[in-house]
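Below is one structure; the comments refer to it alone.
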Amino acid sequence: MSDASCPLCSGDGGEVLWRDDRLRIIAVDDADYPGFLRVIWNAHVPEMTDLSTADRAHCMEAVFAAEAALRSVISPDKINLAQFGNVVPHLHWHVIPRFRDDVHFPNPVWGARMRECRRESPGWRMSVGKVLEIALRRA
């Protein structure tokens, strides 16, 4: 089930680091937040409760694997997890690494900028992709 007008149905939404038949984990291109990931459900559904119990568990396993991969690879001070869908009503989770010196910390990423900071994390995408592949590999 897809919706041709939905940007998450008509495209990947970013660089795919891992995928299976139900969801994908993509890197968000955000200069302020290297390591920003989205876990995107492939079918066009707006809410977690639209999924079966097994699919909900699979989705959350991927969210937790994304968090663990970021913690392992780039060692953020905090991880923010959020599932909104107000603008794009297609089920997706934001997995955002936070650092004490990031542009918004301790405020939410959509709040007022507190400072200027550009964090360099070269190679994080490949490393996170490898960690996800190991964590989410199916027997």
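FYI, it's all coordinate maths here, none of it is from the lab. If you're wondering where the values come from, they're calculated on a predicted model, not measured in any experiment. Methodologically, a virtual Cβ is constructed for each residue, glycine included, from the backbone with ideal geometry; neighbour enumeration extends over all protein chains shown.
Using the Cα centre of segment 1-114 as the reference point, and only Cβ charges (+1 on K/R, -1 on D/E), how large is the resulting charge dipole? Debye, rounded to the nearest 20.
Around 260 debye, computed over segment 1-114.
Compute and list, largest first, the equivalent-ellipsoid semi-axes of segment 14-54 from the alpha carbon gyration tensor, each √(5λ) rounded to a whole angstrom.
23, 11, 8
What net charge do the residues around GLU116 carry, taking every other residue with its C-beta under 13 Å from that of GLU116, with Lys and Arg at +1 and Asp and Glu at -1?
Around GLU116, the surrounding residues sum to +1.
If I model a spin label as a point 7 Å beyond the Cα along the Cα-Cβ vector, how far apart are those points for ASP29 and ARG100 in nm?
3.3 nm
Using Cα atoms only, what is the angle between the long axis of helix 53-74 and the major principal axis of the chain, expressed in degrees (0 to 90) to the nearest 10?
Compared with the principal axis, the helix lies near 20 degrees.
Ranked from highest to lowest mean number of other Cβ atoms within 10 Å per residue, what is the order of the peptides 54-64, 77-87?
Put in order of decreasing packing, that is 54-64, 77-87.
If you bin the C-alpha pair distances of segment 7-136 every 5 Å from 0, what whole percents do you get?
Spelled out per bin, shortest first, that is 2, 11, 21, 24, 19, 14, 7, 2, 0.
Quick check: the angle from helix 124-136's long axis to the longest principal axis of the chain, C-alpha only, nearest 10 degrees?
The helix 124-136 is inclined about 40 degrees to the chain.
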